[in-house]
Amino acid sequence: MSSDEERALILLMMKSAQWMCTVMQICMQELMEEDNNSSETAEEWIPGQLEGDPSRCFESYRMSTENFNILCDKLKAKGLACKGDVIVEDQVEMFLQILGHATNIQKISEDFQHSTETVWRCFRDVLHYVRCMDYINLPSSNARVHQKVSEGTIHAPFKDALGVIDCTHIPAFPDLDTDSLTRYRNRKRMLSQNVMAAVDFDGNFLTVIAGWEGEADDNRILRRAVENGVIIVPPGKYYLVDRGYANTPQFLGPYRGRPYRWAEFHARHQNQNLYECPEDLFNHRHVQLASIVEETFGILKSRFKILQMMPKYEYKIQVKIVVACCILHNFIKHQNSLRDVSDESSFYVPAEYDIPLGDNVGVGDLRVNNIQTAGNLRDNIRDILWATR
């Protein structure tokens with residue numbers, strides 16, 4: 001090969017190498033741009049999420065943009081602060097992603113580009129400050145009569161009712177050996193914690209008692225709550241309970257042996273024979289009011305998927321998560337009421353209010369005079385309902 005041919009070949013190789021370098025630089029630049037776009041900082045990404053499609057924010061945070069911003073401000077006021085380069089908004093979103101979607105810590109770590117240790121630390125901190133918010137309170141003795149039981153409504157005879165008390169089961173992973181796990185198995189043989197709550201007729205939580213073993217009897221939980229002062233019923237007031245509880249002056253139940261399920265009344269309505277006796281009318285009005293507790297539990301579990309798929313966290317963390325979800329539920333309802341809006345219809349799926357029979361072994365003082373007082377209260381309401389039907 002002549003020297004001219006060698007020079008031409010070398011020149012061609014150099015141009016080819018230069019061309020390949022240019023192509024590689026372009027490819028690397030495109031990859032870096034894609035990586036930068038997918039790894040925006042929390043400061044850049046969250047505002048974009050908030051200012052975008054409202055439904056995207058609602059799906060991500062389980063609340064509106066306005067409520068998310070207010071929540072962050074309230075948590076900051078309680079003491080939640082930035083941790084290094086992790087701003088408060090970033091911490092709150094990670095927390096809500098875990099609660100709302102049952103997203104695991106590893107996935108959050110990848111999405112937010114933080115270590116699993118950082119994510120877990122942020123989660124625990126936000127959990128603590130959420131539980132510091134004052135959104136769950138028992139009503140006082142001078143609490144106003146709720147509009148659903150106010151004068152002129154079909155439920156007016158229940159004017160002294162403060163709300164409804166019932167229990168629900170949340171999947172659980174207790175920190176116990178195999179022999180002790182049996183206490184956490186409910187009637188369906190699933191591991192759970194039995195959570196008791198009182199709700200008002202707007203679906204706000206008035207008190208939440210979490211952490212009881214799945215096998216714990218509802219009456220036992222209620223009795224202990226009263227003894228410990230966790231549930232206080234002002235004089236002359238009462239809560240509605242289902243027929244699994246004893247009927248007392250403070251906890252008014254339906255008549256046993258008469259229809260109480262929605263399906264039973266629906267079947268009777270089809271036959272145009274809805275009420276065979278005054279007790280049937282009482283039970284129907286009772287369940288119309290009492291069904292709010294099942295509706296509230298349904299909204300809570302649908303909004304916060306972690307309550308359906310609880311991770312294997314330390315058990316005391318699982319218990320705190322339940323309470324935190326109830327606090328956030330009340331927070332959202334409170335903020336929405338201020339703006340006269342509602343975002344709960346997408347979470348609620350109506351279901352039959354199916355009540356277990358229970359054993360009728362009740363709570364508190366079951367002396368003869370106390371039982372008689374409760375019976376008189378219920379009978380008086382029954383008679384008024386029947387006379388004004």
Zone reached by a paramagnetic label modelled 7 Å from Met309 Cα along Cα→Cβ, restricted to the range 65-102 with backbone N below 13 Å, covers 98-102
Shape call for the range 109-235, from the Cα gyration tensor axes a ≥ b ≥ c (a/c under 1.5 means rounded, otherwise prolate when a/b beats b/c, else oblate), comes out oblate
Using 1/(1 + (r/R0)^6) with R0 = 22 angstrom and r between the beta carbons of Asp379 and Leu274, what's the FRET efficiency to the nearest 0.05?
-> 0.60
Using the Cα centre as the reference, give the magnitude of the dipole from point charges on the C-beta atoms of the range 42-131 (Lys, Arg: +1; Asp, Glu: -1; all else neutral), rounded to the nearest 20 debye.
-> 560
What is the Cα radius of gyration of the range 42-131 over 2.2 N^0.38 Å, N being its residue count?
-> 0.99
Using a Förster distance of 45 angstrom, determine the FRET efficiency expected from the C-beta separation of Lys78 and Gln372, and round it to 0.05.
-> 0.40
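None of the figures in this text is laboratory data; all of them are computed from the coordinates on show. All figures in this text were calculated on a predicted structure; none of them were measured in a lab. Neighbour counts run over all protein chains shown; Cβ positions are idealised from the backbone, glycine included.
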